[in-house]
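Structure, as structure tokens:
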Amino acid sequence: MQLKPLGKYVLKCPRCGYEVEPSPYIMRCPRCGELLDASIITEKIRIKWGELRGRGVWRYRDLLPELKNVITMSEGSTPLIRLRAYPNAYVKFEGANPTGSFKDRGMTVGVSLASSLGVRGIIVASTGNTAASAAAYSARAGIECMVVLPKGGVAKGKLGQALLHGARIVEVPGTFDNALEYVLSTVLESGSAGNASYYPLNSINQWRLEGQKTIAYEIVEEVGVPDYVFVPVGNGGNIYAIWKGFGELMELNIIDKMPKMIGVQASGAAPLVKYWRGLGEARVDKPSTVASAIRIGKPINWYRAYRAVKYSNGFFIDASDDEILMTQRVLGREGVGVEPASAASLAGYMKALREGVIDPSDNVVLIATGHALKDPDALLRDSVHTVSISSIDELKALIMGRSIIDV
Ligand SMILES: *Cc1c(COP(=O)(O)O)cnc(C)c1O
Ligand SMILES: [Zn+2]
């Protein structure tokens, strides 16, 4: 191949420092087993920040793998919405991506790579959004997609999307953690994907995460470097990817400070909060939360997420299901529709403000990871406040009467 798709990278072990030539198939350190970082080789990067062209993830192609077949649906370039209730907070609305979550940023890179490799298809374990995105992007690429899901644990919108886009859906008992174990044990022995005909695209895959780091680039282009970035954390890949994105801009002298990365977990599924507080390993056995996208007990990227938070001087914080659902409504009343997991970032911000660990004058970006329509059941949990009438006069009376805006 004349094109060197991964030529601007070196794979580096964050634990033992071992370095490996980049390969689509190597994900763990051959020496110590840690997940490898796809580090850019700064001297090989020729990016002119002020002269970027195009939109979305591939606007930053100079900082991404150079692939032959780019499978894209114009993902990225999502809105940054300033909140009325918190004027120093912006919501990065990832629900505006083609399948309604940030996973599309990763899949455009991951599926393009898989397609360039000529594999038969891709395989993912998923709480739902990865499945929806993998299904859509592999459909676009004309390759197969197998999704392994926790039976009964996937929000309806996401399951419907995976079906719509023609994925092969395999359900396993237990939680996402079990589903991931099935996939990793099948196609990823000792961190190498071998030459599996189904290429694995969970967030253990560093090349997928390269797409997700573009969230940081977009924030910098639009508002510069915030003081804090709040990210809902499940498997921990996304907070790491965003941190890596900011870090690269530091290395390239495009920015001169880092934001503090704040990881938010649901109280019933908070292995990283537990570890952060020194209460044992980063795992919990029976994760439970209404926020199904982050209902994860054994985050595969826990060390990546931990580094992002620790080295940026951030922290981990948790939010209860009640806080998450309340916050989902706060965003809803501002016109921003997100699924429960995504509301966790605002829930974490509100809690951090209450506890005085951050100041209302600090600039923050809250990552709203997925769209409200993903999980219709969460929207309809409370008794639905409708008024039934059967005459036009009743409607007139309602209009003349008290404010119809229910607050
Ligand atoms: C995948 C997902 C997350 C968690 O991201 P990780 O990279 O697993 O930490 C959070 N929210 C939504 C909506 C997601 O789809
Ligand atoms: Zn190592």
Long-range amide H partners of Ser320, meaning residues 5 or more apart or on another chain whose placed amide H is closer than 5 Å, are Ser267
At the level of C-alpha centres, the distance separating the range 284-326 and the range 23-60, in angstrom, is 25 Å
Output ordering of 324-332, 392-400 (per-residue mean of other Cβ within 10 Å, highest first) is 324-332, 392-400
Residue span Ser391 to Ser185: 0.36 nm per residue of separation minus Cα-Cα distance leaves a gain in nm of 68.0 nm
What helix-only [θ] at 222 nm does the chain give? Using -39500 (n - 2.57) per DSSP H run of at least 4, over all residues, to the nearest 500, the answer is -10000 deg cm²/dmol
Within the chain, the percent of DSSP beta bridges that are antiparallel, given to the nearest 5, stands at 30 percent
Rounded to 0.05, the calculated FRET efficiency for the beta carbons of Glu251 and Arg120 at R₀ = 22 Å is 0.05
Here, GluC sites (Glu not before Pro) of the range 34-101 satisfying both criteria (DSSP loop; at most 15 other Cβ within 10 Å) are Glu66
Output for the range 19-103: trypsin sites (Lys or Arg not before Pro) sitting in coil per DSSP, at most 16 other Cβ within 10 Å, listed by number, reads Arg31, Arg46, Lys48, Arg53, Arg55, Lys68, Arg84
Ordered by number, the trypsin sites (Lys or Arg not before Pro) in the range 118-160 that occupy a DSSP loop and have at most 14 other Cβ atoms within 10 Å are Arg120, Lys151
Too long for a 21 Å Cα-Cα cut-off, among Lys12/Lys103; Lys103/Lys244; Lys103/Lys158, are Lys12/Lys103
The relative contact order of the chain, taking Cα pairs under 8 Å that sit 6 or more residues apart, comes to a percentage of 16 percent
Sorted by chain and number, the residues with a modelled amide H under 5 Å from that of Gly314, at a separation of 5 or more or across chains, are Met261
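Taken together, the values in this text are just the output of simple stated rules run on the coordinates, not laboratory data. Bear in mind the structure is a predicted one, so any value in this text is a computation, not a measurement. Cβ atoms come from the backbone with ideal geometry, glycine included; neighbour counts cover every protein chain shown.
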